[in-house]
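What follows is a single structure, written as structure tokens, with notes after it.
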Amino acid sequence: MLKLTDTAQARDSAQFDRQADAFFEQFQSIQLLAVPRAYEFDGLVAFLGKFQSTRQTAFVPLVFAHDGEDTFRFLPSRTNKASFRIVTDWFAPSGAAPTETPSYCTDADIKRATHRVSLVPSTWRPSALLLTGAPLDARGPLSAVTARVKATIDRMKAALRVGDVDAFANDMTPEGGGRLKQWFATAPQNERDHYKTAFVEQQPFFVFDESPLLVVYVRTAQRDVQVLYFTVAPDKRLLWTNASHLTTSDGVFKQGPLFAAAGSTKPFSSLAIK
């Protein structure tokens with residue numbers, strides 16, 4: 001196994017030994033049923049294996065790094081590349097039942113794209129992420145979406161200005177709204193005031209419609225760029241959905257080339273599809 005492992009990961013012998021022990025232990029208790037899909041992108045080959053244990057059936061990626069010509073090296077620790085996380089989350093969404101028929105983009109989805117970005121520099125099978133977005137004040141196909149985003153944020157700002165935390169939390173997910181109300185109930189007054197001021201002063205300037213997720217870029221009073229996520233509630237309201245933990249979306253929208261493009265003089269113009 002060591003001879004087949006990526007050179008960089010093999011250098012850490014202690015980590016490799018732990019990973020190898022874990023693999024051999026797992027393969028004693030789980031069965032590989034099939035490998036229905038394999039994807040090549042950004043210097044990687046990811047085999048999506050269907051494994052069965054006594055408790056569940058799940059898809060688990062087995063990842064290899066391209067090492068020149070027709071040579072590949074195993075990655076026992078997988079990889080933290082943003083494109084890899086996107087592929088695995090798309091193929092086997094958390095909490096969803098395993099399926100061997102993932103949903104691919106249609107021609108219409110591709111034609112809707114307004115921006116294109118390579119998240120990971122690669123010379124072998126480079127990938128690109130297609131996005132549909134527009135400035136908040138632009139007229140066009142996303143006008144209805146941007147208007148709803150602006151109305152929601154304006155309503156949240158109005159609630160904070162009058163100190164109505166319940167109304168503000170009503171435009172958040174139940175989990176996020178509950179955490180916020182608990183924090184407001186115990187936080188010192190100066191911290192609450194700072195939170196209100198920071199939210200009220202931020203200005204949204206760009207929206208990506210990645211339904212069911214809306215990604216909103218805002219500028220703070222200090223001209224820093226931040227990101228808000230919104231999802232659609234069953235009653236069609238937009239709900240602020242920022243998570244309390246790091247997500248795959250954070251790796252795409254809050255860092256890397258996409259986040260860098262947000263801070264340019266003409267946001268995202270360098271990524272626009274001509």
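Derivation of every value follows stated rules applied to the coordinates shown; laboratory data play no part. Please read all numbers here as calculations on a predicted model, not as lab measurements. Positions of Cβ are generated from backbone atoms using ideal geometry, with glycine treated the same way; all protein chains shown enter the neighbour counts.
Scanning the stretch 100-115 for residues that are in a strand (DSSP E or B) and within 30 Å of ALA20 (Cβ to Cβ) turns up nothing. For the stretch 43-63, taking the residues that are without any contact (Cβ under 8 Å) to a residue 40 or more places away in the chain and either outside any strand (DSSP E or B) or touching an Asp or Glu at 6+ places or on another chain (Cβ under 8 Å) (or both), the one that is farthest from SER118 (Cα to Cα) is identified as THR54.
Scanning the stretch 230-274 for residues that are under 12 Å from the mean Cα position of the chain (by Cα) and of a type in the set (Asp, Glu) yields a single hit, ASP250. Restricting attention to the stretch 232-274, the residues being among the acidic types (Asp, Glu) and in a loop (DSSP other than H, G, I, E, B) number 1.
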